[in-house]
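For reference, the structure is listed below as structure tokens.
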Amino acid sequence: MPRIGEPIVEVAGLWTVLGGFVIHQDLNLKIRQGEILAIVGGSGSGKTTLLRQMIGLETPTKGSVTIFGQKMDPEHPEDIAAVRSRWGMLFQQGALFSALSVLDNIALPLRELRTLPEDLVTDIVLLKLDMVGLAATDANKMPSDLSGGMIKRVALARALALEPELLFLDEPTAGLDPASCETFVGLIRALHRELGLTVVMVTHDLDTLFELATTVAVLAEKKVVASGPVKEVVAIPHPFIKEFFLGERGQRAMELLREYPFIV
Ligand SMILES: Nc1ncnc2c1ncn2[C@@H]1O[C@H](COP(=O)(O)OP(=O)(O)O)[C@@H](O)[C@H]1O
Ligand SMILES: [Mg+2]
């Protein structure tokens, strides 16, 4: 298990107002190196928006996000560019470019560097494909030829192309069948163990959460109402936490919690 280190992501006093609605109200969150943090919250509570703000794709109405000591201000893209290669992002829907082959999708962040010869780019892509459990023969397929599970794997290979220290995952297992889910969880766990990757994932899936997360942050009432080790947070008597973890579907997952020494 990687050691938990210093905070590498800091969200401070963040407000988001969209279409006249307050989505985040003075939200604070720190993510430490080596953590696998699960962000949970109701549908529409602003989880995806928060991830997009973290990586500088959207601007908070107020407050700040700092990653690797660098303020993420979309008005200063050169600051973001300086640290951008240190994280990877897996978007909620995979977000592959439909007109590009699997190879070209994964190669995209590598080619953007403009420093690598093309044969090296191809070698790296094949390595990443292998890492996510896809075959070299998948490289020339188009996204429309892929199953949902394969799309997520290609999107993960693309997120890992630059060997990031930090990985953002938005609902990585949503819509996957149980076997694909398990493969995905195994992959993330191995990357975390072997590369010491820090992971920030939004998930509704309690199985994924209990199997992977070291810490959890609960988004409710427009802010992070609780964050900390999974075992501590599930015990907090907040209505959303009780409903989320101890509701009917949470009961089975709580059994899992007892089975997984990983998070204890
Ligand atoms: N560009 C936008 N303009 C107005 N409202 C938006 C916009 N993007 C998201 N929202 C609203 O913000 C809220 C949070 O969205 P989102 O971050 O996608 O939630 P989650 O990922 O937690 O389901 C939702 O109510 C959504 O409708
Ligand atoms: Mg979302």
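The values are calculated or read from the model by the stated rules, or taken from the named source; none is laboratory data. Everything quoted here is computed from the prediction, not taken from an experiment. Ideal geometry is used to build each Cβ from the backbone, glycine not excepted, and the neighbour counts take in all protein chains shown. What goes into the accessible areas is simple: the full protein's heavy atoms, side chains included, and nothing from ligands, DNA or RNA. Shrake-Rupley method; radii C 1.70, N 1.55, O 1.52, S 1.80 Å.
Once the principal axes of the Cα atoms of the stretch 189-246 are found, what is the range along each, listed largest first in whole angstroms?
Principal-axis extents of the Cα atoms in the stretch 189-246, largest first: 37, 21, 18 Å.
List the lysines whose alpha-carbon lies under 19 Å from that of Lys231, not counting same-chain residues fewer than 8 positions away?
Partners within reach: Lys30, Lys242.
Can you give the accessible area per residue of the chain, in Å², using a 1.4 Å probe?
47
What value in Å³ per residue do you get for the convex hull of the alpha-carbon atoms in the chain?
Taking the convex hull of the Cα positions in the chain, it is 134 Å³ per residue.
Tell me, which longest segment in the chain has none of the chymotrypsin sites (Phe, Trp or Tyr not before Pro) that fall in DSSP loops with at most 16 further Cβ atoms within 10 Å?
98-264
By how many degrees, 0 to 90 and rounded to 10, does the Cα axis of helix 118-131 deviate from the longest principal axis of the chain?
40
Can you return the lysines within cross-link range of Lys141? Criterion is Cα-Cα under 25 Å, with same-chain partners fewer than 8 residues away left out.
Lys128, Lys152
What's the carbon and sulfur percent of the chain's accessible surface, probe 1.4 angstrom, rounded to a whole number?
52
Taking Cα pairs under 8 Å and at least six residues apart, what relative contact order does the chain come out at, in percent?
Reported as a whole number, the value is 23 percent.
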